[in-house]
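S.K.: This is the structure I have questions about; it appears just below.
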Amino acid sequence: MHIKQQTCALGAELVGVKLVDAIHDNDLFAEIRAAMLKYRVLFLRDQNISSAEHVAFARRFGDLEDHPAVGSDPEHPGLVRIYKTPDQGPGRYENAWHSDSTWREAPPLGAVLRCVECPPVGGDTMWANMALAYENLPAYIKEKIANLRARHSIEATFGATMPMEKRLALKAQYPDAEHPVVRTHPETGEKVLYVNVFTTHFTNFHTSEHVRYGQDANPGGGELLRYLISQAYIPEYQLRWRWEPNSVAIWDNSATQHYAVMDYPACHRKMDRTVIIGSKPY
């Protein structure tokens, strides 16, 4: 296995390896897992694997979860099909910068995404290193956010387009989660900036430490949250990956955010994704 680093911030392409071999080869899988923790996101080309093999490889990291808004392939539980079609028009909106499912009490450890079909041009995916984003924050900001916590909501994102009754039922099933603004990586121990598009507000900002008068709380707290969320937008923390059929990305969801770029014409973009259950952030 040869490792080709993609940017100074994160990312590496694995060359000379087949993921199907890592299903049963413990040493190879250990190498891949170690590389994921080091480079945050890994890429492989020409991985002509079946849906069953995709699921089997992802399960080496841990149990898989379904997505309440998207659902899984009935024949392969844990495999989510993210398929865009030419007739969707404006409805093919992709997403904003995010870590997967931070609205869960225990957000995912990571994900494995395989390209089935992609546009002839466009439709790339970008990733950002949120451990590096935290590391480079000014010292006074680190001090200010050290003990802050924030809400993450599925209702305000995936639920926003639903009728009110369905949206409220979704929130009842998945109540807003509260996480530290700066989490500790569960395996490396690094500090990671942990706010994204799912984050609605700080839950413990309105104290005498932060607020003298009302304007310190609103818009003060909101402006601080927007500033922190915007760190993922900095190019020096990012990479951009051009998809081809049978390309695969494997990423550490605890330390990165990603963004699916919707710059392609009306056409098919078919991606199969597995998401690995993680642990409660601390």
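Values in this text are rule-based calculations from the coordinates and carry no lab data. Quantities reported herein were computed from a predicted structural model and do not represent experimental measurements. Neighbour counts run over all protein chains shown; Cβ positions are idealised from the backbone, glycine included.
S.K.: If you wrap a convex hull around the Cα atoms of region 87-242, how much volume per residue is inside, in Å³?
M.R.: It is 159 Å³ per residue.
S.K.: Could I ask something else about it? Determine, from the Cβ-Cβ distance of residue 27 and residue 52 and an R0 of 30 Å, the FRET efficiency 1/(1 + (r/R0)^6), rounded to the nearest 0.05.
M.R.: 0.85
S.K.: Put a dot 7 Å past each Cα toward the Cβ at residue 96 and residue 7; how far apart are the dots in nm?
M.R.: 2.0 nm
S.K.: Would you check the chain for Lys pairs whose C-alpha atoms are within less than 15 Å, ignoring same-chain pairs closer than 8 in sequence, and give me the count?
M.R.: Close lysine pairs under the 15 Å cut-off: 6.
S.K.: Once you charge only the Cβ atoms, +1 for Lys and Arg and -1 for Asp and Glu, what is the size of the charge dipole of the chain about its Cα centre, to the nearest 20 debye? List each step's numbers first, then the result.
M.R.: Details: 30 positive and 34 negative charges, 84 e Å.
In debye, rounded to 20, the chain gives about 400.
S.K.: Rounded, prolate or oblate for region 76-133? Axes are the square roots of the Cα gyration tensor eigenvalues, ordered a ≥ b ≥ c, and the cut-off for rounded is a/c under 1.5.
M.R.: Prolate shape, in that a/c is at least 1.5 and a/b is the bigger ratio.
S.K.: Something else now. Take the chain, compute every pairwise Cα distance, and split them into 5 Å bins from 0; I just need the percent in each bin.
M.R.: Per 5 Å bin, starting at 0, the Cα pair percentages come out as 1, 5, 12, 16, 18, 17, 13, 9, 5, 2, 1, 0, 0.
S.K.: Subtracting the Cα-Cα distance from 0.36 nm times the residue separation, let me have the gained length for residue 45 to residue 82 in nm, one decimal.
M.R.: 11.4 nm
S.K.: Can you sort 45, 269 from fewest to most other Cβ atoms within 10 Å of each residue's own Cβ? Write out the running numbers ahead of the final one.
M.R.: Details: 45 14, 269 23.
Ranking 45, 269 by Cβ neighbours within 10 Å, fewest first, gives 45, 269.
S.K.: What is the chain's relative contact order, in percent, from Cα pairs under 8 angstrom and six or more apart in sequence? Intermediate values should be presented prior to the final figure.
M.R.: On the way: 569 pairs, mean separation 102.1, N = 282.
Dividing the mean separation by the residue count of the chain yields 36 percent.
S.K.: Something else now. Please compute the Cα-Cα pair-distance distribution of region 44-150 with 5 Å bins starting at 0, giving whole percents from short to long.
M.R.: Going out from 0 Å in 5 Å bins, region 44-150 shows 2, 8, 15, 18, 19, 15, 10, 7, 5, 1, 0 percent.
S.K.: Another question, if that's okay. Ranking 145, 3 by Cβ neighbours within 10 Å, fewest first, what do you get?
M.R.: Fewest to most other Cβ atoms nearby, the residues stand as 3, 145.
S.K.: Using R₀ = 51 Å, calculate the FRET efficiency as 1/(1 + (r/R₀)^6) where r is the Cβ-Cβ separation of residue 208 and residue 164; round to 0.05.
M.R.: After rounding to 0.05, the efficiency reads 0.85.
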